[in-house]
Amino acid sequence: MKKTMGIALVLVLAMAGYGFGKGIAEPDSFVQINGGTFTMGSPEDEPEREDDEGPQHQVTVSSFYMGKYEVTQKEYQEVMGTNPSEFKGDNLPVENVSWYDAIEYCNARSQKEGLTPAYTIDKSRKDPNNINDWDNYKWVITWNHNANGYRLPTEAEWEYACRAGTTTAYNTGAGITDNTGWYDANSDEKTHLVGQKPANAWGLYDMHGNVSEWCWDWYLVYPNEAQTNPVGTSLGVLGRVLRGGDWKFTAGYIRSAKRSAVLPNRRYNLLGFRVLRPAP
């Protein structure tokens with residue numbers, strides 16, 4: 001009887017998401033991205049390259065779990081109780097979300113699932129490091145690196161995951177076609193259901209196009225030296241980093257190394273996000 005009860009307990013825990021011998025089990029709709037070192041940025045001869053994509057430098061990141069898909073409207077609605085998107089549909093990516101909205105979603109989803117929130121949000125005072133006059137929020141947000149809850153990827157984690165071991169302009173090679181990403185040539189000026197284009201080699205969908213994805217980092221020029229788990233500058237000047245490009249822009253804007261920045265309080269129908277969790 002005790003042996004039977006023990007087996008049953010193991011099965012229940014496994015179904016609940018607990019791993020044995022490997023730490024926490026891989027969450028649903030996430031893939032484990034094994035850490036490693038890669039060359040971040042684009043070479044000077046890459047077509048449509050911009051100066052802020054260099055200098056190329058070596059970056060090492062630790063392992064993490066990343067969402068296979070951009071956060072959908074259904075997921076956002078279930079957690080936040082609202083859907084701000086312009087292009088409505090349960091399995092369309094949520095858009096019209098600010099960086100602050102994405103941060104709040106991460107914490108709310110963590111709390112809903114019994115995880116430790118990754119962020120501490122203080123709305124009662126202004127962040128002295130945020131020196132942009134156009135951001136009327138300026139909440140003080142700190143990141144607990146030991147938390148097991150959901151969070152935004154860093155810019156380095158995002159590019160590492162997007163490239164999936166490739167060094168070309170896209171994770172599909174030197175070019176991209178209508179079959180491998182959503183951009184101005186094929187989007188019909190709107191978002192599309194997540195996961196309709198093939199995944200990259202690591203099982204991630206829509207890393208090129210559909211909606212631009214918020215990252216944790218404040219935008220800043222790259223360093224020359226190698227880095228390990230960079231988190232960006234603490235000084236907010238231009239905006240938070242966006243990666244991946246979206247339905248509105250040309251193919252050159254959805255390259256793996258392409259960077260852009262938008263003020264964290266802005267909401268547009270081409271801004272969304274995906275989340276990750278730390279891996280054991």
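The values are calculated or read from the model by the stated rules, or taken from the named source; none is laboratory data. Keep in mind it's a predicted model, so treat the numbers as computed, not measured. Because the Cβ atoms are built from the backbone with ideal geometry, glycine has one as well, and the counts that use them run over all protein chains shown.
In the set W158, W202, W216, only one residue is part of a loop (DSSP other than H, G, I, E, B) and of a type in the set (F, W, Y); that residue is W202. Total residues in segment 110-153 satisfying the condition of being of a type in the set (D, E, K, R) and surrounded by 21 or more Cβ atoms within 10 Å (Cβ to Cβ): the figure is 2. Out of T60, T72, which single residue is within 18 Å of the chain's Cα centre (by Cα), buried (at least 18 other Cβ atoms within 10 Å of the Cβ) and of a type in the set (S, T, Y)? T72 is the lone residue from the list that is within 18 Å of the chain's Cα centre (by Cα), buried (at least 18 other Cβ atoms within 10 Å of the Cβ) and of a type in the set (S, T, Y).
Let's see how each residue does on (1) surrounded by fewer than 12 Cβ atoms within 10 Å (Cβ to Cβ); (2) farther than 26 Å from E157 by Cβ; (3) modelled with pLDDT of 95 or more:
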position: M5; (1), (2), (3): yes, yes, no
position: A8; (1), (2), (3): yes, yes, no
position: L13; (1), (2), (3): no, yes, no
position: A16; (1), (2), (3): yes, yes, no
position: G19; (1), (2), (3): no, no, no
position: K22; (1), (2), (3): yes, no, no
position: I33; (1), (2), (3): no, no, yes
position: P47; (1), (2), (3): yes, no, yes
position: D52; (1), (2), (3): no, no, yes
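Contact map, segment 79-97: first residue assigned to a helix (DSSP H, G or I), second residue modelled with pLDDT of 95 or more and among the aromatic types (F, W, Y), Cβ cut-off under 8 Å, separation 6 or more or different chains; pairs are V79/Y105; M80/Y105. Within segment 166-182, the set of residues being touching a residue at least 60 places away in the same chain (Cβ under 8 Å), out of contact with any helix residue (DSSP H, G or I) (no Cβ under 7 Å at 6 or more places or on another chain) and of a type outside the set (A, V, I, L, M, F, W, C) comprises T166, T167, T168, Y170, G175. I'd like to know if segment 184-199 contains one or more residues that are among the small types (G, A, S), crowded, with 23+ Cβ neighbours inside 10 Å, in contact with a strand residue (DSSP E or B) (Cβ under 8 Å, 6 or more places away or on another chain) and in a loop (DSSP other than H, G, I, E, B). Within segment 184-199, none of the residues are among the small types (G, A, S), crowded, with 23+ Cβ neighbours inside 10 Å, in contact with a strand residue (DSSP E or B) (Cβ under 8 Å, 6 or more places away or on another chain) and in a loop (DSSP other than H, G, I, E, B). When T116 is tested against (1) farther than 18 Å from R274 by Cβ; (2) within 17 Å of the chain's Cα centre (by Cα), just one condition goes unmet, and that condition is (2). Number of residues in segment 225-259 that are assigned to a helix (DSSP H, G or I) and either more than 13 Å from E50 (Cβ to Cβ) or of a type in the set (D, E) (or both) equals 2. The residue pairs whose first member lies in segment 107-118 and is outside any helix (DSSP H, G or I), whose second member is hydroxyl-bearing (S, T, Y) and surrounded by 14 or more Cβ atoms within 10 Å (Cβ to Cβ), and whose beta carbons are closer than 8 Å, counting only pairs six or more residues apart or on different chains, are L115/Y150; T116/S110; P117/S110; A118/S110; A118/Y150.
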